[in-house]
Structure formats: structure tokens, C-alpha cells
Amino acid sequence: MEGVAMKLPSFKSLAPNAISIGHRSFSRVRRSSSLSVFSAASSSATVATSSESVSLGHRVRKDFRILHQEVNGSKLVYLDSAATSQKPSVVLEALQNYYEFYNSNVHRGIHYLSAKATDEFELARKKVARFINASDSKEIVFTRNATEAINLVAYSWGLLNLKPGDEVSLTVAEHHSCIVPWQLVSEKTGAVLKYVMLNEDEVPDVDKLREMISPKTKLVAVHHVSNVLASCLPIEEIVVCAHNVGAKVLVDACQSVPHMVVDVQKLNADFLVASSHKMCGPTGIGFLYGKSDLLQSMPPFLGGGEMISDVFLDHSTYAEPPSRFEAGTPAIGEAIALGAAIDYLSEIGMPKIHEYEVELGKYLYGKLSALPDVRIYGPRPSESVHRGALCSFNVEGLHPTDLATFLDQQHGVAIRSGHHCAQPLHRYLGVNASARASLYFYNTKEDVDSFVVALADTVSFFNSFK
């Protein structure tokens, strides 16, 4: 699909009480046809406001100052949390407090500031371990992000254990960060990457995956929740199949850990990765969970300070995990702020967050699927099929980037457009890109209604040129 060239918005710096950003690069066009056809959606926004006055989304919005502003002259509607979540004030305060009151390097000093920073840094590791029910905080390795965590496994465990002819099983719906590292390692080891496609419900075909897993399989690397299809894979079943042939399992949990209860002991996966910035924490930090015996067997990923036991001129010995995999000064403030994000999520309760998002996700799917010429990717929600709270979609004859740009400039609605770091999946679906609206617990049905009305107006605007 060819896109219509548009002028991107410029942004003014935020005033202390952030009110408005940007300007309009389109003349505002409103067509009565689009607004009359979707008047029900518009009126339902009013109903949603009153009926949801005590919803989780309404209750927590006070904690997210960024949501209380105008963008391009319209109230901000943020529907891009699958790319990154917004941060509550307690997380921002935790980061600021570290730099203002006890900024110091960790593990290396005996003075008060260093001891305080070390205690808070290691406390954050314990919080992560409790959050995903790891048996020991030593099974948590801090990384820059989930991508680095997967690369750590690929280059440390993968190069050590994969041999020519060994197989790594994946799905066509994996994020690039769970494909490219294994491509690079397979080039070095001679291992073979094998992929399963989607079934008729547009979910990775788990039956085919079971058939694919064989004694040649050494690793199964899969997502928990798809960042495009919103589908959720049965990780426990996959783990059983893999372990039956001696294979290990790595789970990309970036789209599940922020949204539901994830218990690594129950899943029994060997490795699991997630990113702070998708779970109300800061950017620049993520984590790897690895079973203790596996981490003990793995060589260092990076060399330098902190990851050593002793250094001699001709060789070095290495620290025990997790220090072995945390070379150099870590993202101390970010780790501490991640701990604050976990406290925040835990206080609300992950079961409550998940229950609310399931309801909100169904509402989004229902409203979006009611629009003409809209194609939503992934399974239909039902009593037995629970989608993640996101919808990737296309509108017939329109480029997703044109939709996203107009929604932003004319309505203040923030969605994602592009391939969402899933080009193989988009090629399989027969498209180059899609638009994606993704929700978090701070969103409301009013946000969804505003988005649907804005999308109807956007489609009407572009169709007027046909």
C-alpha cells in the first residue's frame, strides 16, 4: 500500500502544568456521514464515563501525569503501551531520589552512599524474583533490555551447546529480537532454525510445533503473548513437549509479565525475558530469568569489571551468577525504579489488572471490528480464547502510517504503525505493515470510544479523495 505524504507535527516544550503540545498540519475536516454512522460509538463514550467512574483505569489515571495533557489541540489518548508503557509518579520519584540522595556505584564501596545504593539495587532484584516467583534472586540477571537478555542466552548458552544439525524451534510470529540472535548463532554453530506458521485462527500452530519438536531440537524459543496477534501460547504444554526430548525453552514474556500473573516455576521454562519499560518501569533495563543450574554452566557474555573473581595477566576466573553476566556499572537507578514499578503493580494486584484488561480488550475488539473495511489480525476473543489487550489491524485501501499520522494530528490519538518488529509475520499475513492500538490498565472504555470515533473520521477523510 502506498502512503499519502504528510507533514509530521512539531512539539512545543511542556509547561510545568503541561497543557498543550504541537500544531495542526491538516485543515480539520469533519464529515457528517462518518459522525452519524458512528454516533452510537460517540454516545457510548458518555455512558462509559458514568458507568466506569470507579473502573481501574479511572482510579489510576491520577498517577500518570503524562496522560493529562493535550496533543495537537486534542486530549491525549495513549494507545501504544505495547511499545512502551507510561510511568506512574512513584517510579519517577524513585529514580529521582536515587540520583538526588544516594547516587553511588554498587558492590564496590564501603561508604554509606555505596552501601545504600547496593542494598536498593539488590532489593530490586529480589522484587523481580518475587514478582515472577523465581526460587532465588540469583536466578535474575539484569540486562539493558529483553533483547540483550535473549542475546545473552544465544551467545553464552547457544554457542556452548548448539552443534551442526541441532534444531532451534520458533514461530513465524516472533519478535525480531527472538529471531535475529538465533540466526547469528546458527551461522556460527551450524544449527538449523525451524519455524511453525499460523493455524486457521491466526495463532501459531501449537500442534505443528509439537510435531516439529524432536530429539534434534535443542531449544524452543517462543513468545508468551504476541505483540501483533494478541494470541497467548500454552507455555506449560510447550515446555513439557520440549523437556521430553531434552530441549530447553526460552520464553519472550515482554507482553505477558506486565499484564498477567507469570509464575516461572509453574511454567517450568528454562529461560524467560522481560523489559522494564513495558511494565511501568524506566527504559534501559530488563531482566533474564534462568534456572540456577543453567546459569552456573554458562560462560560470561561480556568481559570487564564486576563479572570477575580474579584477574591475572594470562587468564581470569569469573564470579558466580548473576554477577558473571553483569559486566561493568549497571543501570542502578533504573533497576531501583523497576523495583518501584513492581511495588506499584503488586499493590494493585496482577490478577485485578489482568481481569480488567481482558474486559477492556474485548471492548476494543468489538468496537473496532464493527467498523467497515477493518481487518483485525489474530484470533477472535471467546470464552476459551483470551487475547492480549491490543488489536493490530488494517483498513482496506489505506496505509496504516497515514491512519496513525492523521489520528495523532487531528485527534490526539497515539497508536503504532509499521511492522512492529515482526516482518516475517507481516509477510505471512500478506501485508507490509499494520496499525496497532494497545491498552494498559490506565486506559478506559472512554479511550476506546474516542479512538473509534477518531478512526471513523480519519477513514472518512481519506475516502473523500477517492
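Within the stretch 320-339, residues that are touching a residue at least 12 places away in the same chain (Cβ under 8 Å) and farther than 18 Å from Met279 by Cβ have Cβ atoms under 7 Å from residues that are small (Gly, Ala, Ser) and in a loop (DSSP other than H, G, I, E, B) in these pairs: Ala327/Gly303; Ala327/Gly304; Ala327/Gly305; Gly328/Gly304; Gly328/Gly305, counting only partners at least 6 apart in sequence or on another chain. Exactly one residue among Ala129, Ala173 is crowded, with 23+ Cβ neighbours inside 10 Å and out of contact with any Cys (no Cβ under 6 Å at 6 or more places or on another chain), and that residue is Ala173. Taken as a whole, the stretch 205-214 holds no residue that is part of a strand (DSSP E or B) and surrounded by fewer than 24 Cβ atoms within 10 Å (Cβ to Cβ). Within the stretch 216-225, being more than 19 Å from the chain's Cα centre (by Cα) and part of a strand (DSSP E or B) holds for Thr217, Lys218, Leu219, Val220. Looking at the stretch 278-294, which of its residues are surrounded by fewer than 24 Cβ atoms within 10 Å (Cβ to Cβ) and either among the charged types (D, E, K, R) or part of a helix (DSSP H, G or I) (or both)? Matches in the stretch 278-294: Lys291, Ser292, Asp293, Leu294. Take Arg59 and tell me if it is among the charged types (D, E, K, R) and outside any helix (DSSP H, G or I). No: the conditions fail for Arg59. The set of residues in the stretch 411-452 being aliphatic (A, V, I, L, M) and farther than 23 Å from Leu56 by Cβ consists of Ala422, Leu425, Leu429, Val431, Ala433, Ala435.
Being in a loop (DSSP other than H, G, I, E, B) and either touching a Lys or Arg at 6+ places or on another chain (Cβ under 7 Å) or at negative phi (or both) is a property that Glu357 lacks.
Of the residues Val228, Val239, Val257, which single one is farther than 19 Å from Leu159 by Cα, open to solvent by less than 20 Å² (accessible area, probe 1.4 Å), assigned to a helix (DSSP H, G or I) and in contact with a Leu (Cβ under 9 Å, 6 or more places away or on another chain)? Just a single option satisfies the conditions, and that option is Val239.
For the stretch 94-103, a tally of residues being among the hydroxyl-bearing types (Ser, Thr, Tyr) and either open to solvent by 70 Å² or more (accessible area, probe 1.4 Å) or without any contact (Cβ under 8 Å) to a residue 40 or more places away in the chain (or both) returns 2.
Inclusion of Ser27 among residues that are modelled with pLDDT of 50 or more and polar (S, T, N, Q) is not warranted.
I'd like to verify a number: residues in the stretch 260-277 that are in a loop (DSSP other than H, G, I, E, B) and either closer than 21 Å to Ile336 by Cα or touching a helix residue (DSSP H, G or I) at 6+ places or on another chain (Cβ under 9 Å) (or both), how many? Residues in the stretch 260-277 being in a loop (DSSP other than H, G, I, E, B) and either closer than 21 Å to Ile336 by Cα or touching a helix residue (DSSP H, G or I) at 6+ places or on another chain (Cβ under 9 Å) (or both): 6 in total. Pro379 - would you say it is open to solvent by less than 60 Å² (accessible area, probe 1.4 Å) and either of a type in the set (Gly, Ala, Ser) or in contact (Cβ under 8 Å) with a residue 12 or more places away in the chain (or both)? The answer is yes for Pro379. Scanning the stretch 105-119 for residues that are buried (at least 19 other Cβ atoms within 10 Å of the Cβ) and within 17 Å of Ala274 (Cβ to Cβ) turns up nothing. Here Tyr363 passes the criteria (1) hydroxyl-bearing (Ser, Thr, Tyr); (2) open to solvent by 10 Å² or more (accessible area, probe 1.4 Å); (3) in a loop (DSSP other than H, G, I, E, B) except the one numbered (3).
The values are calculated or read from the model by the stated rules, or taken from the named source; none is laboratory data. Since this is a predicted model, take the numbers as computed values, not measurements. All Cβ positions, even for glycine, are placed from backbone atoms using ideal geometry, and neighbour counts span all protein chains on display. Surface accessibility is based on the protein's heavy atoms, side chains included, excluding ligands, DNA and RNA. Shrake-Rupley method; radii C 1.70, N 1.55, O 1.52, S 1.80 Å.
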